[in-house]
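Down below is the structure, laid out as structure tokens.
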Amino acid sequence: PPFAAVLDDCYARQDAVARVLLAGFERALSVPPRTLLQMFEDGAGDFGTIRLLHYPGDGGGAGSALADTTGIGPHTDFECFTLMHQNAPGLQLMPRQRGGGGHGGWVDAPVRPGEFVVTVGDMLERLTNGVLLATPHRVLPTHHARDSIIRFNAFAPHTLVAPLRPFVTADRPAAYSPVEMREHMETTMRNLEAGLGSWDTERQRSRSASYEYNGGERRVLECEPNTMSQ
């Protein structure tokens, strides 16, 4: 079948899944309906992208040493959340510890036909003032070849992202500076090009999710329509 038509259909289907997930996030976080959805709909469209990735592997057999094949180091995604699908092992996640603590150890992401793994991105961490943490993940070099479909779900370019009112209290003051989606994306990409990775291994924290903008200014967003962009 024509490649473009198939991919367009896949993208549209992922959009439908994303809308359901956004509604689920809103209910789970106890924020008003459309609090998150309007951030995607504001302006001329969101910053979402899709990537079809092939990792060739080194062709070695079980028990042989791994060659220096393609992988991806630990990082978090700068968007809101990501849908990930793989047809063979290789992707690893660092889930949050039970009880709302920091991150635990690396675990293998499941390989399940017809299902996506959903990971939290930088924007959800900043919006929830750290109640949700961006999910660190990496891709290990493997003997076997593998393919993956990655769908990044990002807000509209000029959406302002800062902690939402329900997640800011006297005991939990705003810990993230305000930033627009476009600026966060561009800043993160520049930092990566300069060798500043998005995951801080020593601090066990996302460097990109906690990046300080505007001299450390603090701002709180109300959960009301049309107040989350400027």
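The values are calculated or read from the model by the stated rules, or taken from the named source; none is laboratory data. The model shown is predicted, which means the values in this text are computed figures rather than measured ones. Ideal geometry is used to build each Cβ from the backbone, glycine not excepted, and the neighbour counts take in all protein chains shown. The area values use the complete protein model at the heavy-atom level, side chains included, leaving out ligands, DNA and RNA. Shrake-Rupley method; radii C 1.70, N 1.55, O 1.52, S 1.80 Å.
At a glance:
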{"quantity": "Residues that are of a type outside the set (Lys, Arg), closer than 30 Å to Glu180 by Cβ and open to solvent by 20 Å² or more (accessible area, probe 1.4 Å), drawn from the range 88-125", "calculated": "Leu93, Pro95, Gly100, Gly102, His103, Phe116, Val117, Val118, Val120"}
{"quantity": "Matching option when the condition is out of contact with any Pro (no Cβ under 9 Å at 6 or more places or on another chain) and in a helix (DSSP H, G or I), among Arg182, Arg190", "calculated": "Arg190"}
{"quantity": "Residue match in the range 186-202 (condition: among the basic types (Lys, Arg) and in contact with a Gly (Cβ under 8 Å, 6 or more places away or on another chain))", "calculated": "no"}
{"quantity": "Any pair with Cβ under 6 angstrom, 6 or more apart, that starts in the range 104-119 at a residue that is modelled with pLDDT of 95 or more and ends at one that is of a type in the set (Val, Ile, Thr)", "calculated": "Ala109/Val117; Thr119/Thr82; Thr119/Thr135"}
{"quantity": "The range 137-147 - residue that is crowded, with 19+ Cβ neighbours inside 10 Å and within 16 Å of the chain's Cα centre (by Cα) and, of those, farthest from Gly104 (Cα to Cα)", "calculated": "Val139"}
{"quantity": "Elements of type strands (runs of 3 or more DSSP E) contained in the range 98-170, each with 3 or more residues being of a type in the set (S, T, N, Q)", "calculated": "none"}
{"quantity": "Sole residue being more than 15 Å from Glu125 (Cβ to Cβ), in contact (Cβ under 8 Å) with a residue 24 or more places away in the chain and small (Gly, Ala, Ser), chosen from Ala194, Ala156, Ala209, Ala175", "calculated": "Ala156"}
{"quantity": "Given (1) open to solvent by 30 Å² or more (accessible area, probe 1.4 Å); (2) touching a residue at least 40 places away in the same chain (Cβ under 8 Å); (3) touching a strand residue (DSSP E or B) at 6+ places or on another chain (Cβ under 7 Å), number of the condition Met185 does not satisfy", "calculated": "(3)"}
{"quantity": "Tally, over the range 192-208, of residues that are closer than 22 Å to Leu160 by Cα and open to solvent by less than 30 Å² (accessible area, probe 1.4 Å)", "calculated": "3"}
{"quantity": "Per-region count, the range 20-32, residues assigned to a loop (DSSP other than H, G, I, E, B) and either of a type in the set (Phe, Trp, Tyr) or open to solvent by 40 Å² or more (accessible area, probe 1.4 Å) (or both)", "calculated": "2"}
{"quantity": "Criterion: over 19 Å from Val161 (Cα atoms), open to solvent by 60 Å² or more (accessible area, probe 1.4 Å) and touching a residue at least 40 places away in the same chain (Cβ under 8 Å) - qualifying residue of Val6, Val17", "calculated": "Val17"}
{"quantity": "Hey, Arg165 surrounded by 14 or more Cβ atoms within 10 Å (Cβ to Cβ), free of Cβ contacts under 8 Å to residues at least 60 places away in the same chain, at negative phi and basic (Lys, Arg) or not", "calculated": "yes"}
